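Here the structure comes first, spelled out in structure tokens, and everything after it is commentary.
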Amino acid sequence: MAAPLNNKNQLDPWLNLFFQHLTIASPYTLRNYRRALLEFKHWYQKDRKEDPAWNKLQRYDFRAYLHHLGKRNIGRASTKLQFSALRSFYKFLIRQRLVESSPIKSVTVQKLPQRLVQFLTPKQMEALLIAPFELLPPDDKRKASQTAKVLCWRDVAVLETIYSCGLRISELCGLQAGDIDRSEKLVRVKGKGKKEREVPIGEVALKAIADYWRLLPKQPEGDCPVFLARAKGIRAVSPRSLQLRLKRYLKIAGLEPTLTPHKLRHSYATHLLEAGADLRSVQELLGHEHLATTQIYTHVTVDRLKKAYHQAHPRT
């Protein structure tokens, strides 16, 4: 149920006030919340034949919307996103003293079943990390065009950096040359809500970046993006472009092409935990605000511990 985004919906003063407030959040939060709220308004206009008066809506209005989403077989994850946006919107209105209370605080969305985290094994990661080289001529790599070479080495550096630092794709595309401290082997990352954190980066990833930069006409520095869309440009590579190229590399590596860049972040966290890293440290490295978010990875390590226990303990 996609609501039109370029119409009078955009003139709602309270929604616009909230959208302006959301500019401090990530572009993805702004996009998702914007779409969710405009979809609710579009449904309300169609169902009630009028614009919603946000300060007069009642619990039954949102229960009706929840019922509507259910009839349309909207998935629970999407439904939770819709109501997460609505709840955040009303919290904002309360802080602005535009409403006294939230009419949806007692509207519950059925809890989602916990899904298993998808991740690659270390061996699968190794195959993926070298997959970009397969796009170059096998016998004489000098035959490849300069553009193909640059993209190949850039994508190797991209994959190595995501896996070395556990970055979100948006964080990776937002990296600037000045964010990398080569001597300390640290990267300054601008995460969700413009929160910054420092994460270690491995020597292999640093070398991959250096190898990529050597192919560029000019060495990136300062606020220049680490990963460029084009060798001679100044614009950062886009998340969408990397997602499409990743599909090619997954296919080359013999892996499921539907895996997303976020699964590389899952692999990073899982491999750290399996190697003995504690959960709190992984939480900080990933930039999770709440430990509960990081705990989605613990079932993986618990399963491995159980297996090791049953294989090694004499009285199991």
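Some observations on this one:
- Greater than 27 Å apart at Cα, pairs in LYS41/LYS263; LYS185/LYS251; LYS194/LYS263: LYS41/LYS263; LYS185/LYS251
- Long-range HN-HN contacts of ILE201 with modeled amide H, under 5 Å: LEU186, VAL187
- Selected from SER241, SER183, HIS271, residue furthest toward positive end of dipole (the range 122-309; charges at beta carbon): SER241
- For the range 8-95: rounded, prolate or oblate by the Cα gyration tensor [a/c cutoff 1.5]: oblate
- Cα-centred dipole magnitude for the chain, charges only on beta-carbon of K, R (+1) and D, E (-1), debye, nearest 20: 1060
Read the figures in this text as sums done on the coordinates, not as results from a lab. These numbers were taken from a predicted model, which means no experiment stands behind them. Neighbour counts are summed over all protein chains in view; Cβ atoms, including those assigned to glycine, are modelled from backbone coordinates with ideal geometry.
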